[in-house]
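Enquirer: I have a structure here, written as structure tokens, and I will follow up with some questions on it.
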Amino acid sequence: MTPRSTGLLCALTAVTIFSVQDGISKHLGTAYPPIFVTMIRYWAFAGFALILASRSTAGLKGAVAANRLWLQIARGVLLAVQIAISITAFSQVGLAASHSIFAATPLVVACLSVPLLGEKVGWRRWTAIGIGFVGILLIVNPLHATFDYKIVIPVVATLMFALYSVMTRLASRTDTPDTAFFYTGVAGAAAITFIGPFYWANITFGDWFWMLVLCITGMTGHYLLIRAFGLLDAVVVQPMSYIQTVLVCLIGVFIFGEVMTANVIAGCAIVIAAGIFTIWREARLGRTPPPAIDPPGTP
């Protein structure tokens, strides 16, 4: 296989694994406190980050040496909180609706890059952003007589992940990807461990199996995603996260019995189209952001 073919296979396999991971997260997040599930996931994630850091060119010492230490710690903690909120969204709102809203992340990143990074967004991307948010309104459907305020949960998770992505882009100006990945895992694990034990729950033997699978899929997915970014340009890999959106929606419908209404399907299609255009436009202007460590909802 050519390097490009290998990279595409790694990326597709990674988003498929992350889709399965989100399905397992919904199952566990429905039965146990999301903070507790997040803590167990992060313990495995932190171990994986330590192993990768120790095997990197600069070694563990080089990965720890951050030029913007507090920024790295803050983004690691922010992602841990975002993951817990995402699992809550999966259990309270559903996989399909949550991921349909998560698809708006590139649009929110484009908005935040103006005040936080000083970047300029032209009329084409502002138009795409506006159209994308029309899609979000279709999904949220705030004028419906039985409007469910729980839909705010995935909206908050989307905003948090977009802020995390902007902070990652800012940190990349002075620190290496190895450093960013190290603090994503270790800082997040340390933060969630401060509060996670207060939500400790007794897990059944069968669910310990699913928790183990959850950790393994996380490490495997990350490894494949890192491989994909090493073989392909970010602009090729990033839009593949939308394949995860489709797969997760299918899991939600066929495994968990969720219902995708016409407005959710239409809104999701609009958001995905606007997001892909935004990513493509940033790449053409030479401002493709460094890849976020994870798709929304997956450490």
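Enquirer: Which ordering of 248, 134, 259 is given by a fewest-first count of other beta-carbon atoms within 10 Å?
Expert: Least crowded to most crowded, the residues run 259, 134, 248.
Enquirer: Quick one: pull the percentage of alpha-carbon pairs in segment 89-207 with a separation above 24 Å.
Expert: I get 46 percent for the Cα pairs in segment 89-207 exceeding 24 Å.
Enquirer: Peptides 34-47, 85-98: what's the order by average Cβ count within 10 Å, highest mean first?
Expert: Per-residue Cβ counts within 10 Å, averaged per peptide and sorted highest first, yield 85-98, 34-47.
Enquirer: Could you grab the relative contact order for the chain? Cα pairs under 8 Å, six or more apart, rounded to a whole percent.
Expert: Result for the chain is 41 percent.
Enquirer: At a Förster radius of 35 Å, what calculated FRET efficiency corresponds to the Cβ-Cβ distance of residue 194 and residue 173, to the nearest 0.05?
Expert: 0.75
Enquirer: Starting from the Cα coordinates of segment 3-284, work out the convex hull volume and express it per residue in Å³.
Expert: 136 Å³
Enquirer: I'd like the Karplus ³J(HN,Hα) series for segment 12-24: coefficients 6.51, -1.76, 1.60, θ = phi - 60°, whole numbers in Hz, and an x wherever there's a Gly or Pro.
Expert: Ordered by residue, 3J(HN,Hα) equals 5, 5, 4, 5, 5, 4, 5, 5, 4, 4, 5, x, 5 Hz.
No value in this document is a laboratory result; all are computed from the given coordinates. Computed from a predicted structure; not experimentally measured. Cβ coordinates were reconstructed from backbone atoms using ideal geometry, including for glycine residues, and neighbour counts include every protein chain displayed.
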